[in-house]
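Notes follow once the structure below has been shown.
The values are calculated or read from the model by the stated rules, or taken from the named source; none is laboratory data. Computed from a predicted structure; not experimentally measured. Note that we place each Cβ from the backbone using ideal geometry, even for glycine, and neighbour counts take in every protein chain shown.
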There are 2 protein chains.
Amino acid sequence: MREVAVIGVGITKFGELWDKSLRELGIEAGFEAIQDAGISGKDIDALYVGNMSSGRFIDQEHIAALIAEQVGLSEDNIPATRVEAASASGGLALRQGYMAVASGEHDIVVVGGAEKMSDVHPNEVTETLAASADQEWEAFFGATIPSLYAMIARAHMHKHGTTREQLAMVAVNNHHNGSLNPKAQFRSEIKLENVIKAPKVSTPFGIFDCAPSSDGAAAVILCPLARAREFTSNAVKIIGTGQATDSVAVHDREDITTMAATVKAAERAFKHANKGPKDIDLAEVHDSFTISEIMAIEDLGFVNKGEGGKAVENGLTTLDGDIPVNPSGGLKARGHPHGATGVAQAVEIVTQLRGKAGERQVKNSAIGLTHNIGGTGGTAVVHIFEVV
Amino acid sequence: MREVAVIGVGITKFGELWDKSLRELGIEAGFEAIQDAGISGKDIDALYVGNMSSGRFIDQEHIAALIAEQVGLSEDNIPATRVEAASASGGLALRQGYMAVASGEHDIVVVGGAEKMSDVHPNEVTETLAASADQEWEAFFGATIPSLYAMIARAHMHKHGTTREQLAMVAVNNHHNGSLNPKAQFRSEIKLENVIKAPKVSTPFGIFDCAPSSDGAAAVILCPLARAREFTSNAVKIIGTGQATDSVAVHDREDITTMAATVKAAERAFKHANKGPKDIDLAEVHDSFTISEIMAIEDLGFVNKGEGGKAVENGLTTLDGDIPVNPSGGLKARGHPHGATGVAQAVEIVTQLRGKAGERQVKNSAIGLTHNIGGTGGTAVVHIFEVV
């Protein structure tokens, strides 16, 4: 297999973007990435798009072809493929794009992620997101994604002694990082006491424990490492990729305080990269809820199982901590347009490894990791990046 | 890139399957393919699933992980990825599975296609299918997929002299083939006069010019050609794959009587296979409407542009014609569970090349082709298969 590099990145502002359609968001992120890579549309061989539910959010399927057309890529009739695994759709699109280049099938591949969630009523958003859980055995009976994660959080608190305050600290830290990111949906710092006193969503979660629904898009340009220098002097290598599946229904798992899909996906990505958790300088992880980030840093091997809450409390994950986590603000503060998230994570890591992250720049970062989850852990995908 | 073989196939009966859920259909086709390949679940490295609109048809996204879990594959936490490009979803899933094996990332890959369309009201089916057209510029203004294809048919009749009778002959031929296929949704022969007199859907189409909405699933097992003999003595090679995109909206095309996506996808697949249209012994093409098959045989290069209707009239495409088309009955008679169709086509070609197609067996077939369209031609994907 050929080595693969990222040669350009682009991302829209995330938020409630009432004046932009999904295709406009896709184009904006795509053009930024194309300009960043210094390529022209004619250079592009294929497009992959991560998207969770455009069929329900905007009554539109077939969106990879649609975005290709809008960007003008249908003139060359390039292949355009949408990939879906709920909120892990972006990470999976990146993985498919990676394989398309690694296999030799394509040279220059654009991987985009996009979601437009604010065109439907919030109740419809909740119902649509519940379609990433098991409809017949969970959602049909009234379970929502926040309620399932709340159950996971309660189990983690009970089994591992994780505290309400530790959960809240995840939100405080990610809002701090988001305040330094011009593309973030939420750019205000928040206080611990306000997280805890916030209106409840599903105990123990208040609204500040939950990532928002967002509109937004992100894109990266991939090419064979051997060709990267033709286009840019600051390419970033993808040195590891791993994907794994677990039962979609939470009740089918032996232990709900760990995500087997994350553990396996990380194991595969680390093996591929010939690296371990200790080699990682910074990470973008899937903090759809505050508990998700605590479980992620455990399941990725940054700390032992059960010690994630304490690690957050001790500052492991802050911008100047040992392993800065979610320097972008994460899903919590940068925002969470579901299909875009996995690609946005890659954009952030590449930006950081290039030393171009401005006020939120993590010092001495050479190797970064992204971690993207589908639903409540039915899918996980991990990528590892290294400066060239 | 490694050479890739199909070592097993499985398919459910297609139809209105009120007593089976999507996951049950996926499992049924998957198990049949696994048994056919003589592998065990433990051998499987990854799953790809083609599905168009499970989010709208059954309120369920994230279905690749869901099917993996139900088949027991989540025990090994294998990657499971859904791919979507409207009615070309199955063909695209096959292509991603192909790349996963060709790249060396995975060895044994299951490619499934599944759709469950009969759980919602027919009006909702029509609206959902219209989401494969351009929602903002076509569907929002009332265009449906049958009406868009009807416009294409009228243009083809006007420009190339294709007749109402020639359209009807496509349906007659495919119903004949379907009558010989135990898994087909429609197993009755129909008469030309009944096709023409049938209740109108959108002029010139009556109901017999339109493929049905269906429930069903299909699966193929891929592995590196070098390993195929470990499992089976009747493997079939995939010697060509090509995918292409065109404008999703019909009105953006220079000539609506040809599908540029089909032309380009075929060109790429033929180049990859180092073959041409004359080398093809039989084909499964995307006859979502009678006009689609006529355009397909032109755009694939079996006949010149404008001569498709005449070729059908002259018997080119019958089971004992020069290039038998849709021996399975096609979308028209075998049925059209949208995400399953592209995989079902591969199942039929493999079955034919193995000489196991029973009463509908095409004689002397060594090389076969599949052709799968998304929407009204925004996506096309072509695969070419050869006996080992």
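Quick look at the numbers
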item: Exclusive hit being in contact with a helix residue (DSSP H, G or I) (Cβ under 8 Å, 6 or more places away or on another chain) and facing chain B (nearest Cβ under 7 Å), set A:GLN70, A:GLN96; result: A:GLN96
item: Output for the range A:340-355, where each listed residue is farther than 20 Å from A:GLY242 by Cβ and either in contact (Cβ under 8 Å) with a residue 12 or more places away in the chain or not in a loop (DSSP other than H, G, I, E, B) (or both); result: A:ALA340, A:THR351, A:GLN352, A:ARG354
item: Candidates B:ALA168, B:ALA133, B:ALA114, B:ALA143, filtered to the one that is in a helix (DSSP H, G or I) and either touching a residue at least 12 places away in the same chain (Cβ under 8 Å) or not aliphatic (A, V, I, L, M) (or both); result: B:ALA168
item: Single match in A:GLU16, A:GLU3, A:GLU24, A:GLU28 (criterion: within 23 Å of A:ALA357 (Cα to Cα) and surrounded by fewer than 23 Cβ atoms within 10 Å (Cβ to Cβ)); result: A:GLU28
item: Unique match (being at pLDDT 95 or above, more than 14 Å from B:ASN77 (Cβ to Cβ) and touching an Asp or Glu at 6+ places or on another chain (Cβ under 7 Å)) among A:LEU300, A:LEU225, A:LEU282; result: A:LEU225
item: Meets criteria (more than 27 Å from A:GLY315 (Cβ to Cβ) and surrounded by 21 or more Cβ atoms within 10 Å (Cβ to Cβ)) for A:GLY90; result: yes
item: Checking A:PRO204 against (1) within 14 Å of chain B (Cβ to nearest Cβ); (2) without any contact (Cβ under 8 Å) to a residue 60 or more places away in the chain, the condition it does not meet; result: (1)
item: Residue ID - farthest from A:ALA219 (Cα to Cα), chosen from residues in the range A:117-130 that are among the β-branched types (Val, Ile, Thr) and either in a loop (DSSP other than H, G, I, E, B) or more than 11 Å from chain B (Cβ to nearest Cβ) (or both); result: A:THR126
item: Scan of the range A:170-221 for residues that are farther than 22 Å from A:LEU22 by Cβ and of a type in the set (A, V, I, L, M), ordered by number; result: A:VAL170, A:ALA171, A:VAL172, A:LEU180, A:ILE190, A:LEU192, A:VAL195, A:ILE196, A:ALA198, A:VAL201, A:ILE207
item: Residue in the range A:74-81 that is free of Cβ contacts under 8 Å to residues at least 60 places away in the same chain and more than 8 Å from chain B (Cβ to nearest Cβ) present; result: yes
item: The range B:370-388 - residue that is among the small types (Gly, Ala, Ser) and part of a loop (DSSP other than H, G, I, E, B) and, of those, farthest from the other protein chains (Cβ to nearest Cβ); result: B:GLY377
item: Among residues of the range A:276-295, those that are touching a residue at least 12 places away in the same chain (Cβ under 8 Å) and either among the acidic types (Asp, Glu) or more than 23 Å from A:PHE14 (Cα to Cα) (or both), counted; result: 10
item: Conditions (1) modelled with pLDDT of 95 or more; (2) farther than 20 Å from A:GLY8 by Cα: number failed by A:ASP107; result: (2)
item: Verdict on B:ILE367 being in contact with a Phe, Trp or Tyr (Cβ under 8 Å, 6 or more places away or on another chain), surrounded by fewer than 24 Cβ atoms within 10 Å (Cβ to Cβ) and away from chain A (no Cβ under 14 Å); result: yes
item: Flag if A:ALA102 is at the interface with chain B (Cβ under 7 Å from one of its Cβ atoms), in contact with a strand residue (DSSP E or B) (Cβ under 7 Å, 6 or more places away or on another chain) and small (Gly, Ala, Ser); result: yes
item: Flag for A:LEU47 being under 20 Å from A:GLN345 (Cα atoms), within 14 Å of chain B (Cβ to nearest Cβ) and assigned to a strand (DSSP E or B); result: yes
item: Test set (1) under 19 Å from the mean Cα position of the chain (by Cα); (2) outside the structural domain of B:ALA37 (by TED's automatic domain parsing) - B:ARG154 fails condition number; result: (1)
item: Unmet criterion (only one of (1) surrounded by fewer than 24 Cβ atoms within 10 Å (Cβ to Cβ); (2) within 8 Å of another protein chain (Cβ to nearest Cβ); (3) assigned to a helix (DSSP H, G or I)) for B:ASP59; result: (3)
item: Set A:ASP287, A:ASP281: member being touching a strand residue (DSSP E or B) at 6+ places or on another chain (Cβ under 6 Å) and not hydrophobic (A, V, I, L, M, F, W, C); result: A:ASP281
